[in-house]
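Here is the structure we will look at.
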Amino acid sequence: MFRIKPRVLDNVIGRIILPGQISVFHGPERFPLTAIAHAIAVGGAQTGTSAYLDSGSNFRPQLVRRICGDTTCEILNRVIVGSVLNLRNLQELVAQLKSMKPSVVILDSLTGVMNMSHAPGSKLRQRELFATLETLRDIVHSLDIHMMIADHSTKNWRTGEARPIGGNVIEHAVDSVVSVLSLPEVHEGVKIQVDRSPITPSPGGVIVRIGHRGIRSLKST
């Protein structure tokens, strides 16, 4: 659909950002997920417009400028930012995008939206999450666009396996699942791994640096 900066990142996640599909990126830390969401928003804005649905104060214009490598960065004008309050509000906002036809829709983050909806673990929240994801799927298909969802991880205390918050409901509703994990042994190192995707062969993973200077390859100093 479009290129993502830097190239080493595009070589992996660029392959799963496909029209008519939904991806979820999950991890224990917010900033790496937000940085990747910004990189995808910048990529989408290069070919049209990007819709960035923000559940808090995650969107950062300065991060867009660093990813662009341009202090003026006219791409900022093509990133449409909207505040989302809860799951029902998310359905309403995405429905309004039909007339805008963005290149990509980013939700940062699903966890924040769910926390403002119903009590964690409640059946009511899971039912509303299921209904919301069904609505998102219909819109993604009708507009033939991609939707990227940033989500926090929860770890199974028995197996140690990390899964996106939302469990089976979110995992069964998306096409690709990507884990994002910081590497303490590498300065600003973050491992991005495609855990599941319809793409064959699997895009695999990549280690990049994510910090105040944006997203860079490991070769950058």
Relative contact order for region 6-131: what is it in percent, counting Cα pairs under 8 Å that are at least 6 residues apart? 27 percent
Taking 0.36 nm per residue of separation between Arg7 and Gln46 and subtracting their Cα-Cα distance, the length gained on full extension comes to 12.6 nm
Take every DSSP beta bridge with both residues inside the chain and express the antiparallel ones as a percent of the total, to the nearest 5. 45 percent
To the nearest 20 debye, what is the magnitude of the charge dipole of the chain about its Cα centre, counting +1 on the Cβ of each Lys and Arg and -1 on the Cβ of each Asp and Glu? 360 debye
Of the listed peptides 34-41, 21-28, what is their order by residue-averaged count of other C-beta atoms within 10 Å, with the highest listed first? 34-41, 21-28
Could you work out the Kirkwood radius for region 86-129, taking every pair of different alpha carbons, averaging 1/r and inverting it, reported in Å? 11.4 Å
Add -39500 (n - 2.57) for each DSSP H run of 4 or more in the chain, then divide by its residues: what number comes out at 222 nm, to the nearest 500 deg cm²/dmol? -10000 deg cm²/dmol
Considering the convex hull of the alpha carbon atoms of the chain, report its projected area averaged over all viewing directions, in nm², one decimal. 11.8 nm²
The chain - percent relative contact order, Cα under 8 Å, separation 6 or more: 29 percent
Taking 20 °C and 1.002 mPa s as the conditions, I'd like the Stokes-Einstein D for region 1-83 in µm²/s, using the Kirkwood hydrodynamic radius from alpha carbon pairs. 163 µm²/s
Given 25 °C and 0.890 mPa s, how large is the Stokes-Einstein diffusion coefficient of region 36-100 in µm²/s, with Rh as the Kirkwood radius over Cα pairs? 199 µm²/s
What are the semi-axes of the equivalent ellipsoid of region 80-170, taken as the square roots of 5 times the eigenvalues of the Cα gyration tensor, listed largest first and rounded to whole Å? 25, 14, 12
May I ask for the percentage of alpha-carbon pairs in region 152-221 that lie more than 18 Å from each other? 50 percent
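Readers should treat all values here as calculations from the given coordinates under stated rules, not as data from a laboratory. All values derive from a computational prediction rather than experimental measurement. Here the Cβ is made from the backbone with ideal geometry for all residues, glycine too, and neighbour counts use every protein chain on show.
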